[in-house]
Amino acid sequence: MSSLGIPARRSDPLRDKKRKPFFPVSLPYRLLSVYGNLSPPFTVIPSLKLFPVFKFQAPMKHSCRQLTIMATDSSKSFARRDRLREIEVKVRQWWDEKDVFKAEPCEKPPEPGEKFFGNFPFPYMNGYLHLGHAFSLSKLEFAAAYHRLRGANVLLPFAFHCTGMPIKASADKLAREIQQFGNPPVFPGEVEEQEHELPKNEDNSGGAPPDKFKGKKSKVASKSTGQVFQWEIMRSFGISDSEISKFQDPYKWLSYFPPLAVEDLKAFGLGCDWRRSFITTDMNPYFDSFVKWQMRKLKSMGKVVKDVRYTIFSPLDGQPCADHDRASGEGVQPQEYTIIKMEVLQPFPAKFAVLEGRKVYLAAATLRPETMYGQTNAWVLPDGMYGAFEVNETDVFIIAHRAALNLAYQNHSRVPEKPTCLLELTGYDLIGLPLKSPLSFNEVIYALPMLSILMDKGTGIVTSVPSDAPDDYMALHDLKSKPAFRAKYGVKDEWILPFEIVPIIEVPQFGNKCAETVCLQMKIKSQNEKEKLAEAKKQTYLKGFTEGTMIVGDFAGKKVQEAKPLIRTKLLETGQAIVYSEPEKRVTSRSGDECVVALTDQWYITYGETEWKKLADECLSSMNLYSDETRHGFEHTLGWLNQWACSRSFGLGTRIPWDEQYLVESLSDSTLYMAYYTVAHLLQEGDMYGSGESAVKPGQLSDEVWDYIFCGGPYPKSTDISSSILNQMKLEFDYWYPFDLRVSGKDLIQNHLTFCIYNHTALLPKHHWPWGFRCNGHIMLNSEKMSKSTGNFRTLRQAIEEFSADATRFSLADAGDGVDDANFVFETANAAILRLTKEIAWYEDVLASESSMRTGPPSTYADRVFANEINIAIKTTEQHYRNYMFREALKTGFYDLQAARDEYRFSCGVGGYNRDLVWRFMDVQTRLITPICPHYAEYVWRELLKKDGFVVNAGWPTADAPDLTLKSANKYLQDSIVLLRKLLQKQLLGSKKANKKGAPVTSLTESKLTGLIYVNEQFDGWKAECLRILQSKFQNETRTFAAEAEIMGALQNSSVGQSSNFKQIQKLCMPFLRFKKDEAVALGAQALDLRLPFGEIEVLQENLDLIKRQIGLEDVEILSAADADALAKAGPLVSLLNQNPPSPGSPTAIFLTRLSWKKGFHKFLGVGDVIKAELWAIYLELSIAEEFALFPLVIESDSLSAINLSTQEFFTVETWANVEYGGKSTTNQPRQQPGPSNALALPGIGTIVIYVCDMHYLARMNSKEQLTTRLS
């Protein structure tokens, strides 16, 4: 552990027991046993070599506190999570006591940035809030928390939507189940208990949901409809059977779920002013009055009209089905077709007898009426189910049943809204019917089989125009070329073989038979090649419509774009066609039925009206939308949005004030309510239902009052509301409006958010138009779609119970910020639990040991780098919060800052932390994480750091301007360390290439390493010339270069280009030029400098200790590659420098090991050169002594030559003669040992004397593997 309680890095051998022993070279026992205070035990290994395990007897500088792992997968302990939840409860009590999130306006209008008003689309209250709600809401919560932290006056309100049909439909469904199956109901069929749960909720009556949704579901319900009974859904919410029956009353839902949502949001830590909460519908008389005023005002401006229009309609509910009324198909619009009436010619087949006396038509729906001139046949699906339906008293359409239902709601049925089928038919019954079709040049065509017709699209009858439709061309081709295929479906040759392609449209590049041309070009062989045909259709339809010219008919010579509406009008006016509409895709209402398109007479809001759209466009252009995709979504919606049905006859809500048989639909009462937040607390006195005592009564809220508050109207003279209250409401609205940010899922762009723009521009003055929308994608759980049916689902309450609020918020922030779907990962939430609790423990350790830290201003290189990293984190994180990029804010304000702290710890070494710098880090990181993890941050702020006030409004930390040169220098240092490790590994493993058998090579890391690091601080030679050329061809303002040819010309004319070996150099120049150009575009002109903006040698020299520890070196020298003497130190390894020469930003190194000296000793001893051998032995001993600072030394040798050589490089030595070794001298005569007077005393170490024995004696003993040194 480090001095601050963090595990030491492996590069520190004194602290990390997992590293190899401190002495990588084997040493005899006598040498080891006398190292003063470094005491045994030693680890004994074979061959009698001993390795020390050192114990420091002196106390360490700081105390260390072991962190206990409280929660592991195996133990199933939740102590860490529970610790966070305990903290959260405590912190929320602190907030509640001081009303921290209560928002009050100031007397003066706010200056830019002084206030922040953000809001969120109120959730629908037919169940618990889930993580999908929490994800979108978190974007607002994080934004508001950031603005509150930086000192803004923040308003974040929250309300609950109850308008519409889902609650009423569910209540009615529940009533039907009770009526049919009893109370409590006994459902038919075998009941399966479907439970997937973690720990059970002990108190089921409290309404808390289980960990997985569960319910009793009958096999009948499961297999037939796939839907559970409403009673089962209520059970899944944790509601007891005795309570469920009360939910037959839809207003019970309104009193039950909103208070639970408030509980969950408070537990989540939402910084909300709860005084301003409310529910919608007439249950809240104040909001009811507000919506009625809004609708009356729109009608008085001519923006609400009654009209007959096509709209998505629920037959079961008997009313239009808007987006929020749908279980599926949100955003789907009516698709308009032209139905071509293809008359069935007499005589009818026998099966058609019931149709005698009627005009019978195959009714084909088409989007291309201009192509009807080229019909060769009609298509039917052989296995398709059709019917002969009465359209009126005389006409019968043969179509699919689904199309008949749509037509019945569009006034094309003898009995309105009830299609009457005279005859059930299949496609086989229709094959071979002779037809007379409008505009066709063929007087008679026939119905033929096509296998790719979709019965849920159009009418099930398709016209065939093989000249311009690739599908038709290939189907006709298959029938003509395959007799067996014709025979299978009973197709007679005369029905098909005489019919040829009829050219009708000339298309550039494709000619007048574009379908045939494209199919041949794409080599399509069959109608079964679906993907190729889809691409062919895309090409021909687009090209034909945009560039095609009619070559037949009344409108020959006209462009298709011009002719199409004219031909359609002619067909409709002559009665040869009718208008037909159906949903673009399948739409299911919340009542469970499939929707149709109906012509309805009801109230519409005139979105899309020309002048109103101009105002909406103007508002949008000035708004901050935070993404191009969001802006494009709004522009697209404004382009197509037209009249919107705003009235409903079924559900909950506010009655249309001038036509009370209708309710205001759920998206139309949700467009201006953000303004209501500003006054809700003054009207409702904190009661979300508006049922408490208030100084203002709902009946007092006349249109004049609302106009005065919101529209700048005159003071209402007839009102009896207190002027102080009226003026306070107006002050509130004028202070907080316009809202700064509305956060929403991107799916609401196509309706709610665009409606919001329209209504604000119509009803409020321009200076109160909204300022910003931020849209996000949906949320996935663990990379899978969130779904109740699969169990991959979490309510907000479940997530908080499982992970804690702050860990949930942490994972939400990490999930993603764009408009693409985000991903909430459980592993991230669990990791957040561990991170936050370990960080708390680290803070406690640091604070316990702060007295032993260094004090004073930052003084070391590591101090300066860490201080700079803190400044950078403050600046970059603020920018990310300001742009509402919370994942990036989490990265720079938490992950990166922690990485900087860890790097600082490694870099400090034995010097330890700077106390003031550590305190600054703790202060800054606590503030930066506050918007995301406020409970954790508040606890640290008050309990650990003992700060006054609340961190949620403590102010954004101040920072000096980041020193980018220092950051670059530190990156250079860290990158260099990584590079040096790679070079070391490469050098150590270099001999593996020769090891053909793959046997392990002896690792040189068992020896002490010395690194010689060579630096070249300036580009020279051809690289310098390339950089000078790039400098002259670079425009720094635009970060662009001159043309490539101009740069190459300059290179050829330079000294490099004139050299004899230019072709060889050019191969090196080209990738270097490309790299530096890219770097300059990214970083600017400084990337082209010949030197880095800092001294490389200086940076490395200042961090020698760090380099040693990080790489595991005994010694390091920083050398200039331009210094010949420095190069000489590499000796024979200088060839490595030639292979990998250093360049600016990229040092290189060679490494020498203790084995080099040992090998030198053996080499010279083996050839009898005792002087050199003895010299190598002395060097070895001195290197060992130097490592432990065992100076001064006494060295004995019987070789004066070796002594003289060693003194030139190392230390003072003394000479003694006749040294005894093994009790005998080389002449078998006793020798005199040196006396005490010749020994030197070293404080705290002991007496150190180095003896080097007679080489000839050792040679006779043949002891090459044993070192020749002894220390006593």
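The values are calculated or read from the model by the stated rules, or taken from the named source; none is laboratory data. It should be emphasised that the depicted structure is a prediction, and the values quoted were computed from it without experimental measurement. Cβ sites come from the backbone with ideal geometry, for glycine too, and all protein chains shown count toward neighbours.
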Check: Of all residues in the stretch 99-139, which are of a type in the set (D, E, K, R) and buried (at least 21 other Cβ atoms within 10 Å of the Cβ)?
Finding: Lys139
Margin query: Out of everything in the stretch 545-566 that is in contact with a helix residue (DSSP H, G or I) (Cβ under 6 Å, 6 or more places away or on another chain) and not hydrophobic (A, V, I, L, M, F, W, C), what residue ends up being surrounded by the most Cβ atoms within 10 Å (Cβ to Cβ)?
Written below: Gly548
Next item on the list: Look at Met301 and say whether it is out of contact with any Asp or Glu (no Cβ under 6 Å at 6 or more places or on another chain) and closer than 29 Å to Asp471 by Cβ.
Entry: no
Note to self: Take the conditions hydroxyl-bearing (Ser, Thr, Tyr) and buried (at least 21 other Cβ atoms within 10 Å of the Cβ) and apply them to Ser314. Does it pass?
What the structure shows: yes
Checklist line | Within the stretch 235-250, considering residues that are within 24 Å of Asn284 (Cβ to Cβ) and touching a residue at least 40 places away in the same chain (Cβ under 8 Å), the one surrounded by the fewest Cβ atoms within 10 Å (Cβ to Cβ) | finding: Asp249
Next item on the list: Output the residues belonging to the stretch 352-368 that are surrounded by 12 or more Cβ atoms within 10 Å (Cβ to Cβ) and more than 60 Å from the chain's Cα centre (by Cα).
Entry: Phe352, Val354, Leu355, Arg358, Lys359
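Has the stretch 331-354 got at least one residue that is part of a loop (DSSP other than H, G, I, E, B), hydrophobic (A, V, I, L, M, F, W, C), closer than 25 Å to Ser314 by Cα and modelled with pLDDT under 95? Before you say what the answer is, go through the steps one by one.
As a first pass, look at the stretch 331-354 and keep what is part of a loop (DSSP other than H, G, I, E, B): 331-333, 345-349.
Add one more test, that the residue is hydrophobic (A, V, I, L, M, F, W, C), and what stays is 332, 345, 348.
Still in the running and closer than 25 Å to Ser314 by Cα: 332.
With the extra rule that they be modelled with pLDDT under 95, the set shrinks to 332.
Yes.
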Notebook entry, point to check: In the stretch 987-1030, which residue that is modelled with pLDDT of 50 or more and of a type in the set (S, T, N, Q) is farthest from the chain's Cα centre (by Cα)?
Noted result: Ser1007
Margin query: Please pick out the residue among Asp923, Asp963 that is in contact (Cβ under 8 Å) with a residue 24 or more places away in the chain and either buried (at least 22 other Cβ atoms within 10 Å of the Cβ) or not assigned by TED's automatic domain parsing to the domain that holds Glu869 (or both).
Written below: Asp963
Check: Does the stretch 298-321 contain any residue that is farther than 25 Å from Met125 by Cβ and among the small types (Gly, Ala, Ser)?
Finding: yes
Margin query: Can you name every one of the helices (runs of 4 or more DSSP H) wholly within the stretch 1088-1144 that holds 3 or more residues which are out of contact with any Phe, Trp or Tyr (no Cβ under 6 Å at 6 or more places or on another chain) and either buried (at least 16 other Cβ atoms within 10 Å of the Cβ) or polar (S, T, N, Q) (or both)?
Written below: 1096-1102, 1104-1111, 1134-1139
Margin query: Checking the structure you have, find out if any residue of the stretch 208-217 is part of a helix (DSSP H, G or I), modelled with pLDDT under 90 and farther than 22 Å from Ala327 by Cβ.
Written below: no
Next item on the list: Please work out which one of (1) acidic (Asp, Glu); (2) under 18 Å from the mean Cα position of the chain (by Cα); (3) under 27 Å from Ile87 (Cα atoms) is the condition Asp817 fails and give its number.
Entry: (3)
Next item on the list: Report those strands (runs of 3 or more DSSP E) wholly inside the stretch 406-454 carrying at least 1 residues which are among the polar types (S, T, N, Q) and touching a residue at least 12 places away in the same chain (Cβ under 8 Å).
Entry: 421-426
Notebook entry, point to check: Just one of the numbered conditions (1) among the small types (Gly, Ala, Ser); (2) crowded, with 18+ Cβ neighbours inside 10 Å; (3) at pLDDT 95 or above is not true of Ser622; which one?
Noted result: (2)
Notebook entry, point to check: Can we say Asp687 is of a type outside the set (Lys, Arg), assigned to a helix (DSSP H, G or I) and buried (at least 16 other Cβ atoms within 10 Å of the Cβ)?
Noted result: no
Notebook entry, point to check: Condition test on Asp845, is it touching a residue at least 24 places away in the same chain (Cβ under 8 Å), surrounded by 18 or more Cβ atoms within 10 Å (Cβ to Cβ) and farther than 17 Å from Glu88 by Cβ?
Noted result: yes
Checklist line | Residue check, Lys585 part of a loop (DSSP other than H, G, I, E, B) and surrounded by fewer than 13 Cβ atoms within 10 Å (Cβ to Cβ) | finding: no
Note to self: Looking at (1) free of Cβ contacts under 8 Å to residues at least 24 places away in the same chain; (2) not in a loop (DSSP other than H, G, I, E, B), which one does Thr719 not meet, given that it meets all the others?
What the structure shows: (2)
Next item on the list: Using the structure shown, decide if Tyr904 is out of contact with any Cys (no Cβ under 9 Å at 6 or more places or on another chain) and either of a type in the set (A, V, I, L, M, F, W, C) or in contact (Cβ under 8 Å) with a residue 60 or more places away in the chain (or both).
Entry: no
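Residues are listed down the side, and each one gets a yes or a no for (1) modelled with pLDDT under 90; (2) within 18 Å of Ser968 (Cβ to Cβ); (3) acidic (Asp, Glu):
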{"position": "Leu1090", "(1), (2), (3)": "no, yes, no"}
{"position": "Glu1096", "(1), (2), (3)": "no, yes, yes"}
{"position": "Leu1104", "(1), (2), (3)": "no, no, no"}
{"position": "Ile1111", "(1), (2), (3)": "yes, no, no"}
{"position": "Glu1114", "(1), (2), (3)": "yes, no, yes"}
{"position": "Ala1126", "(1), (2), (3)": "yes, no, no"}
{"position": "Ala1130", "(1), (2), (3)": "yes, no, no"}
{"position": "Leu1133", "(1), (2), (3)": "yes, no, no"}
{"position": "Gln1139", "(1), (2), (3)": "yes, no, no"}
Next item on the list: Can you confirm whether the stretch 1050-1066 contains a residue that is of a type outside the set (S, T, N, Q), loosely packed, with under 14 Cβ neighbours inside 10 Å and at pLDDT below 90?
Entry: yes
Next item on the list: Any chance you could count how many residues in the stretch 857-874 are touching a Cys at 6+ places or on another chain (Cβ under 9 Å) and outside any helix (DSSP H, G or I)?
Entry: 1
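Quick check on the stretch 875-897: of everything there that is out of contact with any Ser or Thr (no Cβ under 7 Å at 6 or more places or on another chain) and either among the small types (Gly, Ala, Ser) or part of a loop (DSSP other than H, G, I, E, B) (or both), which residue is surrounded by the most Cβ atoms within 10 Å (Cβ to Cβ)?
Tyr884
Please find, within the stretch 601-635, the residue that is farthest from Asn411 (Cα to Cα) out of those that are without any contact (Cβ under 8 Å) to a residue 60 or more places away in the chain and over 22 Å from the mean Cα position of the chain (by Cα).
Ser621
So that you can scan it fast, the table gives a plain yes or no per residue for (1) at pLDDT below 95; (2) outside the structural domain of Gly912 (by TED's automatic domain parsing):
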{"site": "Gly791", "(1), (2)": "yes, yes"}
{"site": "Ala799", "(1), (2)": "no, yes"}
{"site": "Ala805", "(1), (2)": "no, yes"}
{"site": "Phe810", "(1), (2)": "no, yes"}
{"site": "Ala841", "(1), (2)": "no, no"}
{"site": "Ala848", "(1), (2)": "yes, no"}
{"site": "Pro858", "(1), (2)": "yes, no"}
{"site": "Glu869", "(1), (2)": "no, no"}
Next item on the list: Output the residues belonging to the stretch 163-203 that are at pLDDT below 50 and not in a loop (DSSP other than H, G, I, E, B).
Entry: Val191, Glu192, Glu193, Gln194
Note to self: On the basis of being of a type outside the set (A, V, I, L, M) and either farther than 26 Å from Pro583 by Cα or touching a Pro at 6+ places or on another chain (Cβ under 6 Å) (or both), does Pro419 make the cut?
What the structure shows: no
